[in-house]
Each structure stands twice: as structure tokens, then as C-alpha cells.
Amino acid sequence: AAGHSGGRMVRYDASLERNLTQRATIAADLRRGLTAGEFHMLYQPVVALPHGLVTGVESLVRWTRADGRTISPADFVPVAEETGLIVELGEWIIDTVCAQAAAWRRMHGPDALDSVAVNVSARQLLDPGLPDVVAAALKRHGLPPEQLTVEITETAVFGGGRALASVHALSDLGVHIALDDFGTGHSSLGLLRTCPVDVIKVDKSFVDGLNGTPQQEAIAGAIADIAEKMGLGTVAEGVETPEQARRLFELGYRRAQGFLFARPLSPSAIDEMLGGTSEM
Ligand code: C2E
Ligand code: CA
Ligand code: CA
Ligand code: CA
């Protein structure tokens, strides 16, 4: 069945309705969950190729409700964006990640991790307060800016404007900027000219396409070459097999992330990996 809504044709089906109901439920629950402290961060190692030693981590938010049900960020981050709650959740995430990064630095020394990455979504970049939130968190926890990497997506900065201005302000603080899901947006190469990027994170779809697909290999190789010529770092995302890791290394990639090396882990598991046992 199809219906009219403001002159626009809207296709209507049961899965869409289910989806909307689920979204409304998540939206109502998000604020409560934030107040109730139901969110925590996991950290996925970023490793050096070819040997696989951990050089950094990416923080990833998790929501475990009091009833034990966990909700994937793929489900609640978009809802948090639509409702604007991502700004408040994002401030908690930035503070938590800076506190954790500073704690690791104290426990394991300044060279234990190159960088700790935090994801920042499109809506957060539109908040004019974001650079100040990051600056305040760095200061509060005594974290040198270059040890924080802010991961942004191409689509978030594609339109320029406020979002791009925020990225410039963040870069001016001295934090590193990583372009996430690289290659999946509208203007990947164009952005490298207008946006202050330090690291390119090559999307998992390119890594998946590596084995035996010459076109995919050509693209992945070209991205590595451009990054090297521009003096940018690269991270290959979603590496699941030794063959992918080997091929990525041959194509020029020196950093990778994926289930082959490690899943997202608790802070104490990262501690153990870095050779300590203490909690923050
Ligand atoms: P992303 O930033 O691209 O994060 C990478 C996602 O890929 C993570 O999913 C990670 O667990 C998953 N992943 C890592 N290695 C592999 C692999 O080898 N194979 C496969 N199949 N997956 C792998 P996760 O944690 O479910 O996060 C999904 C998305 O939610 C993130 O994509 C990011 O866009 C968003 N997100 C997660 N945490 C945050 C956050 O703290 N703030 C914001 N704004 N967004 C977040
Ligand atoms: Ca990311
Ligand atoms: Ca910079
Ligand atoms: Ca990504």
C-alpha cells in the first residue's frame, strides 16, 4: 500500500512501521539510559602491519540496559543524532575517552599508545560548542592533544559550512583528524583538499573486496599511494583474514584494525595488552 504525505509519495510497509516503532522506543529510552549510566566504552586495537603490535585504539560506545539487553550503536547512534541527544551523549563519550587515554598514558608511559580515537558524528560537528568541549576535556585530564584522534566521516563534512569549520577548529587544537569510512562518500578526494586530515581510514568494503578483485586492489593501492604522497597516515578497517592483512601490507598499508587482530575490548583488557593490570 502507498499513501500521500504532504504531496510526497510514501511507500508503506510493515518493516518500516516496525522500524519506526523501534526508533521511537529507543529515543524515549536514550535519555533515561544516559542519566542511569547505562553506557560504556570499548576500545578496539589498531595494530602495525605486518607484525600486529598494538599502536593505538578506537573507542566504541556500548549501551547495556538495566534489563541486560544491549543495543547496537548502529541502531541507537542514528536515533541519538535525530533527537540531538548525541550532543549530550557525545560530551560524555569525549570526557570518558580523554580520561581513559590520560590514565593509560600515566600507567604505561607516553609512548604506549600513539593515539586514542573517538568517533564524532555529523550532528556533533554541527554543534558550535564541540571544539570547546574537546579542549576542556583535554585540559581536565591533562591529555596532550596529539594523543587524541577525532574520527569524522566524509558525509558529515561534505557540505562544508559549520561542520567543516568545526573540523578546522579541532585540528587547530592539535588533535589528529581521521577521515572514517574513506571511499564510501561523495567526494573522498576533494575533501583531502579542503579538510585538515591526518589519517585516512579505508572502509571495510575495500578490504572485503581485496581477495582477487583487481579493480578493488587498484583502488586500495591508489589510496595508499595518495596518502603516502600527502604525508597522511592510513588505517585499513575490518581486516578479518591473514590474506587481507598480507595484501594490505603489500599495497602499502602499515596500520590495520579488525577482528583478525582484536575485537573491541574493555579498558582492563587493553591494560593487560599494554603490560599492566591496574584500573583507571
Ligand atoms: P565505525 O566508526 O566505522 O566503527 C567500526 C565498526 O566496525 C565497529 O562497530 C566495530 O566493532 C566494527 N568492526 C571492527 N572490526 C571489524 C571486523 O573485522 N569485521 C566486522 N564485521 N566489523 C568490525 P560498532 O562498534 O558496532 O559501531 C558501529 C558504528 O557506530 C561505528 O562505525 C560508528 O559510526 C558508530 N559509533 C560507534 N561508537 C561511537 C561513538 O562513540 N560515537 C559516535 N558518534 N558514533 C559511534
Ligand atoms: Ca570510526
Ligand atoms: Ca592537524
Ligand atoms: Ca569506519
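Things to note:
- Principal axis dimensions, the chain - Cα atoms, whole angstrom, descending: 56, 47, 36
- DSSP bridge pairs, the chain: antiparallel proportion in percent, nearest 5: 45 percent
- About the Cα centre, charge dipole magnitude for the stretch 108-179 (Lys/Arg +1, Asp/Glu -1 at Cβ), debye: 260 debye
- The stretch 160-234: proportion of alpha-carbon pairs further apart than 19 angstrom, %: 37 percent
- Shape category assigned to the stretch 152-280 from the gyration tensor of Cα positions, a/c cut at 1.5: oblate
- The stretch between S205 and R23, if pulled fully straight at 0.36 nm per residue, gains 62.9 nm over its current Cα-Cα span.
- Fully extended contour minus Cα-Cα distance, from R193 to V133, at 0.36 nm per residue: 19.0 nm
- Exposed-site-free run, longest, the chain (rule: chymotrypsin sites (Phe, Trp or Tyr not before Pro); DSSP loop; at most 12 other C-beta within 10 Å): 13-258
Rule-based calculations on the coordinates, nothing more; no lab input. All values derive from a computational prediction rather than experimental measurement. We place every Cβ from the backbone using ideal geometry, glycine too, and count neighbours over all the protein chains shown.
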